[in-house]
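The values are calculated or read from the model by the stated rules, or taken from the named source; none is laboratory data. Just so we're clear, the structure is a prediction, and the values are computed from it rather than from any experiment. When we count neighbours, we look across all protein chains shown, and the Cβ atoms used for this are built from the backbone with ideal geometry, even at glycine. Side chains included, ligands, DNA and RNA excluded: accessible areas come from the protein's heavy atoms. Shrake-Rupley method; radii C 1.70, N 1.55, O 1.52, S 1.80 Å.
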Amino acid sequence: MDPFSIRPTVLTICIKGDKILLIKRIGNDSLAGYYLPIGGHIDKDETFVEASEREFLEETGLKSYNTKLKGILHQTGFYGKDVIMFTTTCDTGDGELITSEEGVPKWIPLSDLHKYKLLGNSITMIKTCQKLKSNEIFIATSRFDGHDKELEFKIQIHQIS
């Protein structure tokens with residue numbers, strides 16, 4: 001893989017009470033059928049916070065606020081793609097969820113995550129974000145087999161000032 005073809009993306013974890021907002025991906029791509037945190041590509045001249053808030057509104061119909069960086073993941077080999085994922089958390093108000101071309105958003109009890117089709121590292125990243133102190137972020141790497149089988153996942157917590 002060309003080291004200069006790494007795509008910057010955002011992944012937004014929104015937890016409200018004992019539920020998390022995930023999107024069930026639809027369509028014909030490699031993520032169809034997976035439940036994922038809200039996210040997508042960072043557009044040119046867009047910050048990761050702007051991208052997180054834009055993607056959240058586009059994929060859920062809800063406005064996000066209080067968006068904070070919680071970690072950075074370098075993921076390689078997922079269906080031949082390499083990405084740098086800026087993981088954020090946010091808050092949101094009440095409102096009606098919308099279905100988008102990306103998928104169907106759904107509030108899922110955190111205790112039921114094991115019942116849904118998630119990527120291998122998703123639950124670890126969600127739980128890590130829940131445990132992080134305000135002065136901490138995670139740095140992670142994830143290596144896939146060229147498809148959807150995760151071969152390795154490493155995560156470290158770092159203090160920031």
Original post:
Limited to the stretch 45-85, what total is found for residues that are under 23 Å from K106 (Cα atoms), open to solvent by 70 Å² or more (accessible area, probe 1.4 Å) and part of a strand (DSSP E or B)?
Top reply: 3
Original post:
If only one of I38, I26 is farther than 20 Å from I84 by Cα and among the aliphatic types (A, V, I, L, M), which one is it?
Top reply: I26
Original post:
If you go through the stretch 101-125, how many residues are buried (at least 16 other Cβ atoms within 10 Å of the Cβ), modelled with pLDDT of 95 or more and touching a helix residue (DSSP H, G or I) at 6+ places or on another chain (Cβ under 8 Å)?
Top reply: 3
**OP:** Would you mind telling me which numbered condition in (1) under 23 Å from R54 (Cβ atoms); (2) in contact (Cβ under 8 Å) with a residue 12 or more places away in the chain N135 fails?
**Re:** (1)
Original post:
Only one residue in S30, S5 is open to solvent by 50 Å² or more (accessible area, probe 1.4 Å), over 21 Å from Y65 (Cβ atoms) and either part of a strand (DSSP E or B) or touching a residue at least 12 places away in the same chain (Cβ under 8 Å) (or both). Which one?
Top reply: S5
Original post:
When you look at L36, is it touching a Gly at 6+ places or on another chain (Cβ under 9 Å), crowded, with 18+ Cβ neighbours inside 10 Å and under 20 Å from M125 (Cα atoms), yes or no?
Top reply: yes
**OP:** Output the number of the condition that T128 fails; it satisfies all remaining conditions of (1) assigned to a helix (DSSP H, G or I); (2) open to solvent by 50 Å² or more (accessible area, probe 1.4 Å).
**Re:** (2)
